[in-house]
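Participant: Input: one structure, supplied below.
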Amino acid sequence: MTNSFAEFSRAKMILAIGTNMTEAHPVAASFVKNATANGAQLIVVDPRRSGLADFATLHVPIRVGSDIAFLNGVMNVLITENLYDREYVETCCTGFEALRAKVLEYPPERSAEICGIEADTIREVARQLAAVKPAMLAYTLGITEHICGMNNVLSCANLQMLLGNVGLECGGVNPLRGQNNVQGACDMGALPNVFPGYQAVADPKARSKFQSAWNCGSLPDKPGIMMPQMLEGLLNGSIKAFYVFGENLANTEPDIHHVEKCLSSAEFLVCQDIFPTETTRFAHVILPAAAWSENDGTFTNSERRVNRVRTVSEPPGISKPNWWIFKQIAARFGQNWSSDSARELWDSEISQLAPSLAGVRYERLEGDGLQWPVPSETHPGTPLMHKDGKFTCGLGQLIPVDWIPPAEVPDEEYPFVLSTGRRLFHYHTRTQTGRALGLNELLGEETADMSPIDGAALGIQNGEMVRVKSRRGEVTVKANLTDRVPPGLIWMAFHFREGCANWLTNPAFDPVTQTAEYKACAVAVEKLPQA
Amino acid sequence: MKEETITLTVNGRDVKDRKIVGKKGQTVLEVCRDNGIYIPTLCHHPQMPPYGGCRLCIVQIDNMRGMPPACTTPAVDGMVVNTHTESVVRVRKTVLELLLAYGDHNCLLCDSNGDCELQNLVYEHQIEHIRFKTDFVPKPKDDSSPMIVRDHNKCVLCGRCVRACLNLQMNGAIDIAERGSNAYIATFNNTSLMDSVCVNCGQCVEVCPVGALTEKKAKGLGRAWEMEKVRTTCPYCGVGCQMWLHVKDGRITRISAVEEAQPNEGRLCVKGRFGYDFIYSEERLKTPLIRENGSFREASWDEALDLVAARFKEIIAKHGPDSVAGVSSSRSINEDSYQMQKLFRAGFGTNNIDNCART
Ligand code: SF4
Ligand code: SF4
Ligand code: SF4
Ligand code: FES
């Protein structure tokens, strides 16, 4: 996020696109709702009438996967009606001419045809956005989980720069991170192309810096591969040994049949976790780890805030903190790592090596933590990025992008679009929430959420069992007829092994980010003989 | 913007010329609290709009009729306020006695014993018996939710839960029904909590000053005064809410939000507040396991780690470092991810390290 959660409740205009905030980020949603109670306008762009849409001044139910067409259409209106922030664009951005040429190919009528909404709605959105400044844009995985996820993100950024909203309080481009420490895992360099603090492995200066800090031999200069490529590698034999730490890939990745084939092809699979999972079934060695409240450490939230996690009890049996386990393996590779606690790892390694975290020390994290960049020990942190339109890398880049349809679209055999996401009462594959007393009572099984109109057409009553089928698999689940879902769409989550949407989802990926298209594939639905 | 200051005289009768300074726009209660002057309250909660319902915060103000509530009365420059005159204290006492009469305030049977604002107020006002006889008829408890128990008989109708649900979480699941001594907190259509639109966020429990709303899972795990509070960060979504773990003998008994902390400003959702006890599941992995003949057997750390190192070495020697790959956890702490990528880069010699950033 370029901005902070606290700004949500003070915002005057919020554009929420592809975010089911009331379920996936409930506390963030409460601030957005507060803003509407204070008179803010809220535009919710989502194929479903999500919980947040109940608070919206305008809900725009675009078709699944039509985001770029929609945003280009909005920008077309902003430019043709001369509503964009000319001064901001001229002084803070580059690439306007190319963007202009591209969005001119998307007059509202053409966008409307792709998005399935009225052209006048697109005009209305553009005019409303231009009328209130600043406006905040928030998005979640509805934007990123497409084969064009990267371009969806660029499109959101284009819009906010065109409106002159980046670098302002209560403005900005704000992706809400799905998991508690996705931000942190990336910051720490658990990515194939960068060291901690986003320093490129391809940069010889960065390599020599880390080499001397880590006191090791020369570091590899070739960026590694991303997770989907690792799974493919297991299947085609290019990856022999695979180390999975705290992820249940057998349920979270698209096309479970395929993922399990990949996992079972590993010559050697190590799983490090706190519970046996569907993934550990394939392991050759399972290493037991300390869990959340059995660890001292830090998480970094969506607004780049580094905050403390504290220990209240010892891990069960002989299980150990994860960092300890990695250290023991390193020792067997002849490396003598000295840091012997999370605090020491942070204070004497991470903060020394990542310039954006240089000023973060454990002793400074007693209160509300610190938002990076924190370049020095006296720096107060950075709640707002790109302040006043001054981008960290010079001028903000407007990058024109084209709409493409999802990799798999409905046809006669598979006439419905399946889109997936999270529900309020559970988290991911329920490794944790499924074992917290009471949450299964609040939500005990998966359902296929669908429009009552489709239900009626197929003769399906609410609560009846249906079979949902894609080219990759099928599941049997209860139908949940709800007018929150538009006709033609089926919506499911991935919390339950039985009826997990990922038996069906399509392993098609964004070519750059390698994010899977969880949000769109084609399925068929049929009524089952009722018991 | 420069804040305008105002000066009030508070309890000048006891302390000669006691002048206190506040900010324009504050209530009498806020000015007094900022200056360390105590006024009892019950319905007031700093995170929510003032309500003026309980009348415990009444004060006397020169040139104002009656006894206005400090929590809703704007402070004005030059005001002369008295917080503890004899008549004010007498009215407060009567208010408390009425509350005690209309309800079943048996602290022995209450989970909030020792953590109850009514109990504290009764003690402070030295009330020794319940003076009034009423026609109070007890209502059945609502324990339909797996998380929250509602006991109407302990409710003091302060309305905090209603405001928490409506103004903080904006769910609007509950409201005050009926009037006068028949009033009670109800869901829409008076259903059980489980059948209402309640999302079990527990914000109402967090703000309830008494034992009318309590947490089911915390029952029997310890008394308020036995708890140690440990601050931490929620393990679920990317908001990163700040929370207090209430710990007894190394076990989390319940969780509350850190009031006024960023980013959550005293709020939590159902997962953060109630999703903690997986830690204590019997299914936890407790020892390293090695696959043998199609099943897993327990192993020591040395054996398991030696095996992992040996197999990785062997595979790297035979197929090169890029034949190994790893995925770090986007749920675990930063230091774990740092350590894992270091192992892959410095130990194994590959950049084949990633995390689940994209789901
Ligand atoms: S738990 Fe949350 S939603 Fe339910 S009544 Fe309480 S505050 Fe409202
Ligand atoms: S349930 Fe608690 S918070 Fe709600 S009105 Fe009664 S005493 Fe107040
Ligand atoms: S309490 Fe809820 S909203 Fe807050 S971080 Fe946890 S899961 Fe997210
Ligand atoms: S605290 Fe002021 S009326 Fe209740």
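The values are calculated or read from the model by the stated rules, or taken from the named source; none is laboratory data. Please read all numbers here as calculations on a predicted model, not as lab measurements. FYI the Cβ positions are ideal-geometry reconstructions off the backbone, even for glycines, and counts take in every protein chain you see. Ligands, DNA and RNA are excluded from the accessible area calculation, which covers all protein heavy atoms including side chains. Shrake-Rupley method; radii C 1.70, N 1.55, O 1.52, S 1.80 Å.
Participant: Just need the relative contact order of the stretch A:388-531 here, percent rounded to a whole number, with Cα pairs under 8 Å and 6+ apart. Before the final figure, lay out each step's value.
Facilitator: Details: 283 pairs, mean separation 48.0, N = 144.
Taking the mean separation of contacting Cα pairs over the length of the stretch A:388-531, I get 33 percent.
Participant: What is the stretch A:182-377's relative contact order, in percent, from Cα pairs under 8 angstrom and six or more apart in sequence? Don't skip to the answer; put the middle values down first.
Facilitator: Values: 293 pairs, mean separation 30.6, N = 196.
Relative CO of the stretch A:182-377 lands at 16 percent.
Participant: Could you please state, rounded to a whole Å, how far the C-alpha centre of the stretch A:402-470 is from the C-alpha centre of the stretch B:142-218?
Facilitator: 31
Participant: Starting from the amide H of A:Ala289, placed 1.01 Å from N in the peptide plane, find each other amide H under 5 Å away whose residue is 5 or more places distant or on another chain.
Facilitator: A:Asp273, A:Ile274, A:Lys320
Participant: Length gain on complete extension for the stretch B:Lys286 to B:Arg223, per 0.36 nm per residue less the alpha carbon to alpha carbon distance? If you can, show how the numbers build up before the last one.
Facilitator: Numbers: separation 63, 0.36 × 63 = 22.68 nm, distance 3.01 nm.
Stretched out fully, the B:Lys286 to B:Arg223 stretch lengthens by 19.7 nm.
Participant: If you don't mind, another one. Starting from 0.36 nm per residue, how many nanometres of slack lie between B:His84 and B:Phe136 once their C-alpha separation is accounted for?
Facilitator: Values: separation 52, 0.36 × 52 = 18.72 nm, distance 3.07 nm.
Taking 0.36 nm per residue and subtracting the Cα distance, the gain is 15.6 nm.
Participant: Something else: Could you give the size of the charge dipole of the stretch A:275-329 about its Cα centre, using +1 on the Cβ of each K and R and -1 on the Cβ of each D and E, expressed in debye and rounded to the nearest 20?
Facilitator: Working: 7 positive and 5 negative charges, 36 e Å.
With Lys and Arg at +1 and Asp and Glu at -1, about 180 debye.
Participant: Short version: ³J(HN,Hα) in whole Hz for each residue of the stretch A:98-103, in order, from phi by Karplus 6.51 cos²θ - 1.76 cosθ + 1.60 (θ = phi - 60°), x for Gly and Pro, what are they?
Facilitator: 5, 5, 4, 4, 5, 5
Participant: On to the next question. What shape does the stretch A:416-527 have by the C-alpha gyration tensor, where a ≥ b ≥ c are the square roots of the eigenvalues, rounded means a/c under 1.5, and otherwise prolate means a/b greater than b/c and oblate the rest? Before the final figure, lay out the partial values.
Facilitator: Details: a/c = 1.85, a/b = 1.06, b/c = 1.75.
Cα axes put the stretch A:416-527 in the oblate bin.
Participant: Could you let me know the centre-to-centre spacing of the stretch A:141-158 and the stretch A:175-226, using Cα atoms, in angstrom?
Facilitator: 23
Participant: Taking a ≥ b ≥ c as the square roots of the eigenvalues of the Cα gyration tensor of the stretch B:244-359, is the shape rounded (a/c under 1.5), prolate (a/b larger than b/c) or oblate?
Facilitator: Details: a/c = 3.15, a/b = 1.71, b/c = 1.85.
Because a/c hits 1.5 or more and a/b fails to exceed b/c, the stretch B:244-359 counts as oblate.
Participant: Can you work out the Karplus-derived ³J(HN,Hα) for every residue in the stretch A:477-490? Use 6.51 cos²θ - 1.76 cosθ + 1.60 with θ = phi - 60°, whole Hz, and x for glycine or proline.
Facilitator: Result, ordered by residue: 9, 6, 7, 10, 7, 8, 7, 6, 9, x, x, x, 10, 10 Hz.
Participant: Of the peptides A:297-309, A:507-519, how do they stack up when ordered by the mean number of other Cβ atoms within 10 Å, highest first? Numbers along the way, then the final one.
Facilitator: On the way: A:297-309: 26.8, A:507-519: 20.8.
Top to bottom by mean Cβ count within 10 Å: A:297-309, A:507-519.
Participant: Further, regarding this structure: Using a 7 Å offset from the Cα along the Cα-to-Cβ direction at both B:Ser181 and A:Asn193, what is the distance between the two label points in nm, to one decimal?
Facilitator: Computed distance between label sites B:Ser181 and A:Asn193 equals 7.4 nm.
Participant: What do you get when you divide the Cα radius of gyration of the stretch A:72-132 by 2.2 N^0.38 Å, with N the number of residues? Mind dumping the intermediate values first?
Facilitator: Details: Rg = 11.7 Å, N = 61, 2.2 N^0.38 = 10.5 Å.
Its radius of gyration relative to the 2.2 N^0.38 Å reference: 1.12.
Participant: Name the aspartates and glutamates eligible as straight-distance cross-link partners of A:Lys33: C-alpha to C-alpha under 14 Å, and not fewer than 8 places from it in the same chain.
Facilitator: Cα-Cα hits under 14 Å: A:Glu7, A:Glu23, A:Asp54.
Participant: What range in chain B is the longest one free of GluC sites (Glu not before Pro) that are in a loop by DSSP and have at most 13 other Cβ atoms within 10 angstrom? Don't jump to the answer; show the numbers that get you there.
Facilitator: Values: sites that count: B:Glu3, B:Glu4, B:Glu128, B:Glu178, B:Glu260, B:Glu282, B:Glu283.
Answer - B:5-127.
Participant: Which far-off residues, 5 or more places away or on another chain, put their amide H under 5 Å from the one on A:Cys93, with H placed in the peptide plane?
Facilitator: A:Gly396
Participant: With a 1.4 Å probe and all protein chains left in place, how much of the accessible area of chain A comes from carbon and sulfur atoms, in whole percent?
Facilitator: Values: 9340 of 18080 Å².
That fraction is 52 percent.
Participant: Please work out the FRET efficiency for the pair A:Ser218 and A:Ser341, using the Cβ-Cβ distance as r and a Förster radius of 35 Å; give the result to the nearest 0.05.
Facilitator: Calculated transfer efficiency: 0.75.
Participant: Further, regarding this structure: Tell me which GluC sites (Glu not before Pro) from the stretch A:42-104 have a DSSP coil assignment and no more than 12 other beta carbons within 10 Å of their own.
Facilitator: Values: sites: A:Glu81, A:Glu87, A:Glu90, A:Glu97; in loops: A:Glu81.
Taking the stretch A:42-104 and a limit of 12 other Cβ atoms within 10 Å, the loop GluC sites (Glu not before Pro) found are A:Glu81.
Participant: Right, here's the next one. Using a 7 Å offset from the Cα along the Cα-to-Cβ direction at both A:Asp388 and B:Glu97, what is the distance between the two label points in nm, to one decimal?
Facilitator: Taking the simple label geometry, A:Asp388 and B:Glu97 are separated by 6.5 nm.
Participant: Could you state, as a whole-number percent, how many of the C-alpha pairs of chain B are farther apart than 30 Å? Write down the numbers at each step before the final one.
Facilitator: Working: 35056 of 64261 pairs.
Summing the P(r) tail past 30 Å for chain B gives 55 percent.
Participant: Long-range amide H contacts for B:Ile185: which residues qualify at under 5 Å (H placed 1.01 Å from N, peptide plane, sequence gap of 5 or more or a different chain)?
Facilitator: Residues meeting the amide H criterion: B:Ala177.
Participant: How much area per residue is accessible in the protein assembly as shown when the probe is 1.4 Å and only protein heavy atoms are counted (Å²)? Mind showing how you got there, number by number?
Facilitator: Details: 33930 Å² over 890 residues.
Computed with neighbouring chains in place, this is 38 Å² per residue.
Participant: Give the percent of DSSP beta bridges with both residues in the protein assembly as shown that are antiparallel, rounded to the nearest 5. Intermediate values should be presented prior to the final figure.
Facilitator: Working: 60 of 105 bridges.
Looking only at bridges with both residues in the protein assembly as shown, the antiparallel portion is about 55 percent.
Participant: Using only DSSP helix segments of four residues or longer, with each worth -39500 (n - 2.57), what per-residue ellipticity at 222 nm results for the protein assembly as shown after dividing by its residue count and rounding to 500?
Facilitator: Calculated from helices alone, the mean residue ellipticity at 222 nm is -7000 deg cm²/dmol.
Participant: Moving on. Give me the accessible area buried between chains B and A, both sides summed, with a 1.4 Å probe, in Å² rounded to the nearest 100.
Facilitator: On the way: alone 21660 and 23390 Å², together 33930 Å².
Buried area between the two chains comes out at roughly 11100 Å².
Participant: At R0 = 56 Å, how high is the FRET efficiency between B:Arg55 and A:Leu58 if r is their beta carbon distance? Nearest 0.05 is fine.
Facilitator: On the way: r = 43 Å, r/R0 = 0.77.
According to the calculation, E is roughly 0.80.
Participant: Pick from B:Ser144, B:Ser329, B:Ser87 the residue whose mean-square fluctuation is largest in a GNM of chain B, springs joining Cα atoms under 10 Å.
Facilitator: Comparing B:Ser144, B:Ser329, B:Ser87 in the GNM, the peak value goes to B:Ser329.
Participant: For the stretch B:226-308, which trypsin sites (Lys or Arg not before Pro) are in a loop by DSSP, counting at most 16 other Cβ atoms within 10 Å? Let's see the in-between values first.
Facilitator: Values: sites: B:Lys229, B:Arg231, B:Lys248, B:Arg251, B:Arg254, B:Arg267, B:Lys271, B:Arg273, B:Arg284, B:Lys286, B:Arg291, B:Arg297; in loops: B:Arg267, B:Arg284, B:Lys286.
Qualifying residues, ordered by number: B:Lys286.
Participant: Rounded to the nearest 0.05, what FRET efficiency do B:Lys248 and A:Leu104 give with R0 = 45 Å and r taken as the Cβ-Cβ distance? Could you check?
Facilitator: Values: r = 66 Å, r/R0 = 1.47.
So the FRET efficiency works out to roughly 0.10.
Participant: Roughly how crowded by other chains is peptide A:508-514, in terms of the mean Cβ count from those chains within 10 Å of each of its Cβ atoms?
Facilitator: Counting other chains' Cβ atoms within 10 Å and averaging over A:508-514 gives 1.
Participant: Beyond 17 Å, what share of the Cα-Cα pairs of the stretch A:324-478 remains, rounded to the nearest whole percent? If you can, show how the numbers build up before the last one.
Facilitator: Working: 9564 of 11935 pairs.
Result: 80 percent of Cα pairs exceed 17 Å.
Participant: Here's a follow-up. So how far apart, in nm, are the two label points at A:Thr513 and A:Leu458 if each is 7 Å from Cα heading toward Cβ?
Facilitator: For the pair A:Thr513/A:Leu458, the computed spacing is 2.9 nm.
Participant: Let me have the relative contact order for the stretch A:382-469, percent, based on Cα pairs under 8 Å that are six or more residues apart. Write out the running numbers ahead of the final one.
Facilitator: Working: 26 pairs, mean separation 11.1, N = 88.
Relative contact order comes out at 13 percent.
Participant: Average partner chain C-beta neighbours within 10 Å, per residue of A:436-447?
Facilitator: Numbers: counts 11, 11, 12, 9, 1, 5, 8, 1, 0, 0, 0, 0.
Mean shielding by partner chains, rounded to a whole number: 5.
Participant: Next question. For chain A, just say rounded, prolate or oblate: build the C-alpha gyration tensor, square-root its eigenvalues into a ≥ b ≥ c, call rounded for a/c under 1.5, and beyond that prolate if a/b exceeds b/c, oblate if not.
Facilitator: Values: a/c = 1.67, a/b = 1.13, b/c = 1.47.
Oblate shape, in that a/c is at least 1.5 and b/c is the bigger or equal ratio.
Participant: Give the average, rounded to an integer, of partner chain Cβ atoms located within 10 angstrom of each Cβ in A:426-432. List each step's numbers first, then the result.
Facilitator: Details: counts 4, 6, 4, 0, 1, 4, 10.
That works out to 4 on average.
Participant: Along each of its three principal axes, how wide is the spread of alpha-carbon positions in the protein assembly as shown, in whole angstrom units, largest first?
Facilitator: Sorted largest first, the three principal extents are 89, 68, 67 Å.
Participant: Let me ask something additional. Evaluate the charge dipole of chain A about its Cα centre and quote only its size in Debye, nearest 20, assuming +1 on the Cβ of each Lys and Arg and -1 on the Cβ of each Asp and Glu.
Facilitator: Dipole size: approximately 840 debye.
Participant: Going by Cα centres, the stretch A:252-302 and the stretch B:257-305 are how many Å apart?
Facilitator: After rounding, the separation between the Cα centres reads 12 Å.
Participant: If you don't mind, there's one more thing I want to ask. From the phi angles alone, apply the Karplus equation (6.51, -1.76, 1.60; θ = phi - 60°) to the stretch A:39-48 and give each ³J(HN,Hα) in whole Hz, x where the residue is Gly or Pro.
Facilitator: 3J(HN,Hα) across the stretch A:39-48, in whole Hz: x, 6, 8, 10, 9, 10, 9, 6, x, 8.
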